[in-house]
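Participant: Before we start, here is the structure in question, set down as structure tokens.
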Amino acid sequence: MDYKNHIASILSSNVDISIDELEKLVEIPPKSDMGDYAFPCFSLAKSMRKAPQMIAQELKEKIKDNNFEKVEAFGPYLNFFVNKEILIKNTIEKILKEKDLYGSNNDGDGKNVIVEYCSANIAKPFHVGHLFTTMLGNSLYKLFNFHGYNAIGINHLGDWGTQFGKLIYAYNNWGDEKALEKEPIKEMLRVYVKFHDEAEKDPSLNDEGRRHFKLLEDGNEEEVKLWTRFRDLSLKEFDKLFKMLNVSFDSFAGESFYSDKMDAVIEEIDEKGLLTDSQGAKVVMLDEYNMPPCIIKKADGATIYATRDLAAAFYRKKTYDFYKNIYVVAKDQALHFNQVFKTIELMGHQWANDCTHVGFGLVRFADKKLSTRKGDVVFLEDLLNEAVAKTLEIINEKNPELENKEEVAKKVGIGAIVFTYLKNNRERDIVFNWDEMLSFEGETGPYVQYTYARGRSILRKVGEGLDENIDYSKLNSKEEFELVKELGNLENVINFALDKLQPCMVTRYCIDVAKAFNKFYNAHNIANSESEEIKNARINLVKATLQVLKNGLSLIGLEVVEKM
Ligand code: ARG
């Protein structure tokens with residue numbers, strides 16, 4: 001039950017304010033002896049021409065609702081104490097009935113939402129920043145689907161542009177066929193880095209790069225063949241990572257996909273009188289909006305990144321008629337997206353307002369910014385493997401007898417990294433620290449997963465309990481009530497996360513549930529409960545908690561483990 005909404009609807013029959021507005025006014029008091037919810041009557045004083053204290057008194061007399069065990073007037077506040085027994089029964093029964101669907105709803109029925117994430121560059125290593133967009137986007141994708149939207153996951157691959165002319169030239173001159181077969185990305189990176197080194201000595205190589213890209217754009221057989229091979233090999237490598245991370249996409253339409261769709265957009269920009277010449281290049285002037293011009297065509301006639309993004313946005317609108325078009329891309333590209341969205345708006349398309357850039361911060365180890373150009377880079381596969389190996393060490397120490405250790409280490413180790421990414425406001429930078437993120441205590445993935453496994457182990461010991469005839473009035477301790485209250489919040493938390501486009505709200509929620517569960521578990525012995533009835537009620541509380549943890553973790557891209 002959504003108590004805030006319920007309180008608003010009770011009040012609305014007594015006062016002259018809409019339910020929506022009332023709902024926004026309902027507060028959660030700082031101390032539990034002031035009730036579970038409070039309504040401040042100040043805002044009614046004017047329209048009712050009475051002191052808020054009096055209004056609180058009067059309303060208190062009028063409210064009769066057995067969802068509350070009492071309603072008190074406390075100065076200008078109306079304090080609501082929920083009927084714990086009803087709350088506990090309803091919440092646990094709902095969770096156990098809805099199972100994997102608990103927390104979901106149909107808010108987004110009939111709405112298409114595009115979530116663009118990952119968008120890695122082919123022929124280059126997938127780096128820690130790409131893992132950030134991949135996991136953020138994966139979570140948003142799942143959250144939207146969970147609330148009834150039809151999410152479309154697009155991996156807008158960086159697979160077009162002059163750099164592929166350079167790569168083709170480099171590979172033709174310095175490439176090693178065997179190495180390409182064996183470790184494609186490393187080999188492509190090697191020749192690409194060599195190209196840059198050589199071009200520093202001999203800048204004419206850059207012209208060679210441009211020439212080969214032009215040949216590729218014109219569909220010249222040799223270039224197309226090589227480029228296709230680079231792309232296929234890259235995707236095969238990426239796919240290994242996607243499998244490890246358990247993420248998927250509905251479309252891989254990347255930059256190359258739009259190579260033949262740009263002319264139409266450029267024409268429209270021109271028709272609308274927005275195209276300006278600037279030192280040979282074609283641009284859309286945006287100085288009125290305090291932005292540098294959006295470059296549409298370079299002086300040599302080549303189209304660029306922004307043009308491809310414009311073409312992509314138009315294609316998406318036409319193909320999916322999106323309700324929202326979300327780009328999960330590093331924060332430092334904010335200007336680029338603002339330019340693109342503004343250009344679409346100036347072209348007269350209202351739907352520019354439905355396009356959103358979801359930015360995120362930097363990822364660092366110690367104090368180094370990671371870049372691929374100089375070959376100074378952390379390979380993601382190595383990072384994931386390291387997390388798994390380190391987790392395996394910890395398991396070997398803590399629980400050497402555990403079956404299928406490797407599988408558990410994979411889920412927990414990779415989960416720990418994913419959890420670290422999604423734990424804080426996405427705009428914040430992340431500094432990786434192994435000890436911190438792999439710790440079984442503190443606010444970590446392993447902590448939440450361990451809590452789940454602990455719950456499973458309790459159930460293995462005490463049995464699965466009963467499905468019916470549970471007397472929930474037996475759950476009358478503070479810890480039990482606090483835990484149930486937390487369990488009741490999942491759907492609301494997802495609403496917030498979707499509204500703010502912040503999966504961290506779900507991650508933090510998982511931590512809160514785990515904490516509340518551990519408090520309950522430390523205070524009450526389930527196996528030796530005071531009576532069989534209490535035991536059965538507690539068993540269901542454990543089952544409900546585990547279900548909520550499973551649902552929450554899955555929405556941020558983690559899988560639970562039975563034992564660890
Ligand atoms: N490929 C780019 C990169 O790795 C990100 C692409 C972002 N998406 C977009 N529609 N521009 O930096």
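Bear in mind that the values in this text are calculations on the coordinates, not laboratory data. Please read these numbers as outputs of a predicted model, since none were measured by experiment. Positions of Cβ are backbone-derived with ideal geometry, glycine not excepted, and every protein chain shown enters the neighbour counts.
Participant: Using only DSSP helix segments of four residues or longer, with each worth -39500 (n - 2.57), what per-residue ellipticity at 222 nm results for the chain after dividing by its residue count and rounding to 500?
Facilitator: -18000 deg cm²/dmol
Participant: Between segment 277-346 and segment 63-100, how many Å separate their Cα centres?
Facilitator: Comparing the Cα centres of segment 277-346 and segment 63-100, I get a distance of 51 Å.
Participant: Also, quick follow-up: In debye, nearest 20: dipole of segment 75-125 around its Cα centre with unit charges on the Cβ of K, R (+) and D, E (-)?
Facilitator: 140
Participant: Moving to a separate point now. Of the options ILE28, PRO52, VAL15, report the single residue whose Cα projects farthest towards the positive end of the charge dipole of segment 11-60 (beta-carbon charges: Lys, Arg +1; Asp, Glu -1).
Facilitator: Ranked along the dipole, the leading option is PRO52.
Participant: When the Kirkwood radius is taken over all Cα pairs of segment 139-180, what Stokes-Einstein diffusion coefficient follows at 10 °C and 1.306 mPa s, in µm²/s?
Facilitator: In µm²/s, the coefficient is 116.
Participant: Pick out, from ILE556, HIS212, LEU475, the residue whose Cα sits farthest towards the positive end of the charge dipole of the chain, with +1 on the Cβ of Lys and Arg and -1 on the Cβ of Asp and Glu.
Facilitator: LEU475
Participant: Further, regarding this structure: Can you find, among GLY148, HIS130, TYR117, the residue sitting farthest towards the positive end of the charge dipole of segment 99-224, where Lys and Arg contribute +1 and Asp and Glu -1 at Cβ?
Facilitator: Selected residue: GLY148.
Participant: Taking the Cα centre of the chain as origin, work out the dipole magnitude from +1 charges on Lys and Arg Cβ and -1 charges on Asp and Glu Cβ, in debye rounded to 20.
Facilitator: Roughly 860 debye for the chain.
Participant: Report the Stokes-Einstein translational diffusion coefficient (µm² s⁻¹, integer) for segment 399-521, Rh taken as the Kirkwood radius over Cα pairs, at 25 °C with viscosity 0.890 mPa s.
Facilitator: Roughly 150 µm²/s, to the nearest whole number.
Participant: Counting other C-beta atoms within 10 Å, which of PHE164, PHE252 has the fewest, and how do the rest follow?
Facilitator: Ordered from fewest to most neighbouring Cβ atoms within 10 Å, PHE164, PHE252 come out as PHE252, PHE164.
Participant: Can you give the convex hull volume per residue for the Cα atoms of segment 175-301, as a whole number of Å³?
Facilitator: Each residue corresponds to 186 Å³ of Cα convex hull volume.
Participant: Taking the chain on its own, what percent of its Cα-Cα pair distances exceed 33 Å?
Facilitator: That fraction is 54 percent.
Participant: When you have a sec, figure out the Kirkwood radius of segment 98-189 from all distinct Cα pair distances and drop it here in Å to one decimal?
Facilitator: For segment 98-189, the Kirkwood estimate is 15.8 Å.
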